[in-house]
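Here the structure comes first, spelled out in structure tokens, and everything after it is commentary.
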Amino acid sequence: MDFLDRLRRELIDIIEWIDDTNDTLVYRFERYNNEIKNGAKLTVREGQVAVFINEGKVADVFQPGMYTLKTENLPILSTLKGWKYGFQSPFKAEVYFISTKNITAQKWGTKNPITLNDNRFGMLEIRSFGTYVIRIKDAPLFITEIAGTDGQFTTDEISEQLKSMIVTRFTDAIGEANLPVENYASNVNEISEYVHGVIGPEFEKYGIEVTKFLIENVSMPEEIKKEIFELSRLNTIDLDKLAKLKAAKALEKAAENESGTAGAGMGMGMGFAMANQMGNAFGGNQQSAPSPSGPPPIPASNSFFVVVNGKQTGPFDVNTLKQMAEQKKFTKDLLVWKEGMKGWEAAGSINELSAIFGSVPPPIPQ
């Protein structure tokens, strides 16, 4: 074998990259110090871009296709090399293949919780995680800003940097959105689109395009979750029925009281009073609560205090006293008082209460 045959074998005449990985972003065509032959064949497949670099400077860029390397399709390299009238000899240049296909299933997440200030719950912490998809949009810019002279650059080498960028921009976006905390979990699609628009320009500075960004979950402290669930139930529950239910439970507890009949009657009266109060608080005729700095509400003029077993009970409205009278828990002899009276008087001597006892049937004859 003569010298010319050995020289021909050392010269590279086919340049290509067959990518059998899913995470390689940049591959440098290995020449083992061999020169590229004049008229060599360059094959750039779909999803690839070939970049020629001369002495650390980006020269010519080739999109997918097959090329015969000559002065005509190497204009920048020809200028850098000083090829004014074409060339016939081999040349040296670094060839980088950049993958432009989508790199999927990239994961991100908040290592540390994000602190938010909610108008109702105050300071709280949330966490979030999801996935994103990227592709190389500007190959020369990516090599200049990120890959450099790395012969085989993979997503692992840049994933941590990308995650940090995402979490930083996600935190800023969440703070600027200023949403109620319960809306973060129920509007992940809208928030994903918003964050996608925020982080997109940041990635493009490095020649990378974020083609998809997804938030899979936004979590918050368990105690905040419970409060949000309780608030959601109050928005849908029938408050009138809730008041009646609580009043019924109060009556049951009063009936179990060891103080006997008088205690049961008093508990029953209190139960009805509670029902009326809760009905007024949650019903359709709800009135605005007085200002904390203003006077308390004036009690109704037809509410009476009753002396039961030597103790003051009440106040009870007339309807409640009527029900107690029907159950023999309120009699004419019991002392009563309401605002405006000078002192305690027997219930039977009060005009407003006389109708109560008149409506009570007499004892059944033996």
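Assorted remarks:
- Residue in region 127-138 that is over 30 Å from residue 219 (Cβ atoms), in the same structural domain as residue 46 (by TED's automatic domain parsing), in contact (Cβ under 8 Å) with a residue 60 or more places away in the chain and in contact with a Phe, Trp or Tyr (Cβ under 9 Å, 6 or more places away or on another chain) present: no
- Note on region 188-197: among residues that are buried (at least 16 other Cβ atoms within 10 Å of the Cβ) and not small (Gly, Ala, Ser), the one that is modelled with the highest pLDDT is 196.
- Failed condition for residue 172, given (1) more than 20 Å from residue 194 (Cβ to Cβ); (2) not assigned by TED's automatic domain parsing to the domain that holds residue 37; (3) not in a loop (DSSP other than H, G, I, E, B): (1)
- Test: residue in region 79-95 that is touching a Phe, Trp or Tyr at 6+ places or on another chain (Cβ under 7 Å) and of a type in the set (Lys, Arg): yes
- For residue 108, the criteria (1) within 28 Å of residue 165 (Cα to Cα); (2) out of contact with any strand residue (DSSP E or B) (no Cβ under 8 Å at 6 or more places or on another chain) hold in every case but one, which is (2).
- Subset of region 172-187 [buried (at least 18 other Cβ atoms within 10 Å of the Cβ) and free of Cβ contacts under 8 Å to residues at least 60 places away in the same chain]: 182, 184
- Residue ID - modelled with the highest pLDDT, chosen from residues in region 47-73 that are touching a helix residue (DSSP H, G or I) at 6+ places or on another chain (Cβ under 8 Å) and among the acidic types (Asp, Glu): 60
- All conditions in (1) modelled with pLDDT under 75; (2) surrounded by 16 or more Cβ atoms within 10 Å (Cβ to Cβ); (3) of a type outside the set (Phe, Trp, Tyr) hold for residue 82, with the sole exception of (2).
- Residue 224 vs. criteria touching a strand residue (DSSP E or B) at 6+ places or on another chain (Cβ under 8 Å) and modelled with pLDDT under 80: yes
The values are calculated or read from the model by the stated rules, or taken from the named source; none is laboratory data. Given the structure is predicted, the values throughout are model-derived calculations rather than measurements. Don't worry about glycine lacking a Cβ; one is built from the backbone with ideal geometry, like all the others, and counts go over all protein chains shown.
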